[in-house]
1. With the requirement that a residue be out of contact with any Cys (no Cβ under 7 Å at 6 or more places or on another chain) and part of a helix (DSSP H, G or I), what does segment 38-56 give you?
2. Identify, please: which residue in segment 138-173 is among the β-branched types (Val, Ile, Thr) and touching a Ser or Thr at 6+ places or on another chain (Cβ under 6 Å) and is, among those, surrounded by the most Cβ atoms within 10 Å (Cβ to Cβ)?
3. Kindly indicate the residue of segment 122-132 that is under 12 Å from residue 146 (Cβ atoms) and of a type in the set (A, V, I, L, M) and also surrounded by the fewest Cβ atoms within 10 Å (Cβ to Cβ) among those meeting that condition.
4. Residues in segment 57-83 that are assigned to a loop (DSSP other than H, G, I, E, B), under 18 Å from residue 196 (Cβ atoms) and not small (Gly, Ala, Ser): how many?
5. Can you tell me which residue among 39, 54 is of a type in the set (D, E, K, R), surrounded by fewer than 22 Cβ atoms within 10 Å (Cβ to Cβ) and at pLDDT 95 or above?
6. Tally the residues that are free of Cβ contacts under 8 Å to residues at least 40 places away in the same chain and either of a type in the set (Phe, Trp, Tyr) or in a helix (DSSP H, G or I) (or both), restricting the search to segment 204-235.
7. For segment 97-121, how many residues are modelled with pLDDT of 95 or more, out of contact with any Lys or Arg (no Cβ under 8 Å at 6 or more places or on another chain) and surrounded by fewer than 20 Cβ atoms within 10 Å (Cβ to Cβ)?
8. Hey, among 37, 87, 47, which residue is closer than 16 Å to residue 121 by Cα, of a type in the set (Asp, Glu) and in contact with a Phe, Trp or Tyr (Cβ under 9 Å, 6 or more places away or on another chain)?
Amino acid sequence: MRLVPLLVTLLLATLPGEASAGKSAFGEWAAAIVAGDWRGANGLRIDAFDNARRDIADALVGVGFTAENIQQFSPDSRQGVLDATPDGLSKNWFSLTRQAPAGCLLYVTSHGTPGKIVMGKRELKPRDIDFMLDFTCADRPTVVVLSACYSGSFIPALAHPNRLVVTASRSDRSSFGCGSGFDYPVFDACVLKVLPRATDFTSLASATQNCVASREKAEKLSPPSEPQVSLGEDVAKLIPKLSLRPD
């Protein structure tokens with residue numbers, strides 16, 4: 001990815017904007033929800049990633065995010081959302097984080113291998129996400145959710161005091177539900193299931209871990225994916241003030 005020239009150019013060209021007042025703790029947060037692929041392991045079309053992208057975006061509005069501050073990405077042009085390419089994500093994310101300056105949420109659902117997540121015809125690597133977040137979100141409270149096989153491999157590069165990082169699997173494990181016959185990947189289905197009852201993002205992460213473990217056991221999906229959580233010390237202090245229950 002050629003992020004540095006692109007982002008530096010944007011920084012020089014864009015003036016700071018004022019964010020509109022939010023109605024909840026997340027009213028002025030920027031959120032990007034990315035479906036990174038539309039293909040199953042056999043190369044045939046699947047809907048699981050785009051289903052998750054669409055419904056998670058809707059669910060975030062339900063817990064206090066502002067629709068205008070949520071961007072959706074997909075490599076499938078028929079979805080009618082922004083094109084999921086690394087450069088496209090960086091450019092649009094830069095503008096969004098200027099518009100919504102209070103905090104950052106990046107959610108990616110796709111196929112993955114150790115140290116890589118599929119994004120269209122290209123890949124996202126840990127350093128790509130880390131640089132993008134450093135450049136745009138700096139020390140703002142930031143939540144990163146990576147729903148992909150082996151996504152735990154991203155935690156060492158992404159762990160930071162102001163970040164909560166949640167991954168669908170350990171660094172050496174696959175996750176489940178990324179093929180035909182699934183409405184959503186298992187991890188994303190659990191996020192959608194527990195989000196309406198979660199009080200904050202740490203309770204959401206814990207409840208999602210429990211949901212995934214229960215479903216994998218019930219459906220005999222093995223070895224267990226073991227979703228991972230990395231909670232930075234700075235964002236941990238803010239979590240109690242960031243309620244997922246809008247006033």
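1. Hits for segment 38-56 are 49, 50, 51, 52, 53, 54, 55, 56.
2. Taking segment 138-173 and keeping what is among the β-branched types (Val, Ile, Thr), we get 142-145, 155, 165-167.
Next, only the ones that are touching a Ser or Thr at 6+ places or on another chain (Cβ under 6 Å) stay: 155, 165, 167.
Details: 155: 20, 165: 27, 167: 30.
Across segment 138-173, the extreme among qualifying residues is 167.
3. So, considering only residues that are under 12 Å from residue 146 (Cβ atoms) and of a type in the set (A, V, I, L, M), the one surrounded by the fewest Cβ atoms within 10 Å (Cβ to Cβ) is 129.
4. Step one: list which residues in segment 57-83 are assigned to a loop (DSSP other than H, G, I, E, B), which gives 63-66, 75-76, 80-81.
Add one more test, that the residue is under 18 Å from residue 196 (Cβ atoms), and what stays is 63-65.
Of the ones still in play, those that are also not small (Gly, Ala, Ser) are 63, 65.
Here the count works out to 2.
5. The unique qualifying residue is 54.
6. Number of matching residues: 10.
7. So the count comes out to 4.
8. Unique residue meeting the criteria: 37.
The values are calculated or read from the model by the stated rules, or taken from the named source; none is laboratory data. These numbers were taken from a predicted model, which means no experiment stands behind them. All Cβ positions, even for glycine, are placed from backbone atoms using ideal geometry, and neighbour counts span all protein chains on display.
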